[in-house]
Amino acid sequence: MISVAQLVYDCIPNAGSDPGLGWHTVICASGAGYEVHAITKSSNRTAIEGAPAVPNVVWHFVDVPQQLGPLKTGSSWGDTVHLARWLPNAKSICMDLARDKKIDLTHFVTF
């Protein structure tokens, strides 16, 4: 089975920056027979754990502060800063997975 790490920053069931983009990408990859390591924001955990389980998916949650000074998520600049702080942590998880030979490729899911 091919394993893929999907960086899905805004992965919320049927919601997010593009409604369902990250969520449906994970579901489609899982349904196509891939083992998926989905890497997303910690703030998405409650919504993901409240949704029906997706087979062949291991969830990884990256926690970074939701606010930096006056910038917080939900605003254009706040989301940009948050993503810039989130990506290095997500990359670190990908590097660990690759080093441990748990993934074959990485896919950054964005609009």
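The values are calculated or read from the model by the stated rules, or taken from the named source; none is laboratory data. Model, not experiment: these values are computed from the prediction. Ligands, DNA and RNA are excluded from the accessible area calculation, which covers all protein heavy atoms including side chains. Shrake-Rupley method; radii C 1.70, N 1.55, O 1.52, S 1.80 Å.
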Inset, instruction - Pop out the ³J(HN,Hα) list for segment 35-45 in order, Karplus 6.51 cos²θ - 1.76 cosθ + 1.60 with θ = phi - 60°, rounded to Hz; leave Gly and Pro as x. - result: 8, 10, 9, 8, 10, 9, 6, 4, 5, 8, 4
Legend entry - Eligible aspartates and glutamates near Lys101 by straight Cα distance, threshold 19 Å, same-chain separation 8 or greater: Glu35
Legend entry - Long-range HN-HN contacts of Lys72 with modeled amide H, under 5 Å: Gly78
Legend entry - Overall dimensions of the chain as given by Cα atoms, namely Rg and Dmax in Å: 13.7, 45
Inset, instruction - Can you send over the carbon and sulfur percentage of the accessible area for the chain, probe radius 1.4 Å, protein chains only? - result: 58 percent
Legend entry - Surface accessible to a 1.4 Å probe, per residue, for the residues of the chain, Å²: 57 Å²
Inset, instruction - Starting from the amide H of Lys41, placed 1.01 Å from N in the peptide plane, find each other amide H under 5 Å away whose residue is 5 or more places distant or on another chain. - result: Cys11, Val62
Inset, instruction - Label segment 15-80 by shape, choosing from rounded, prolate and oblate, from the square roots a ≥ b ≥ c of the eigenvalues of the Cα gyration tensor; if a/c is under 1.5 it is rounded, and otherwise prolate applies when a/b is larger than b/c, oblate when it is not. - result: prolate
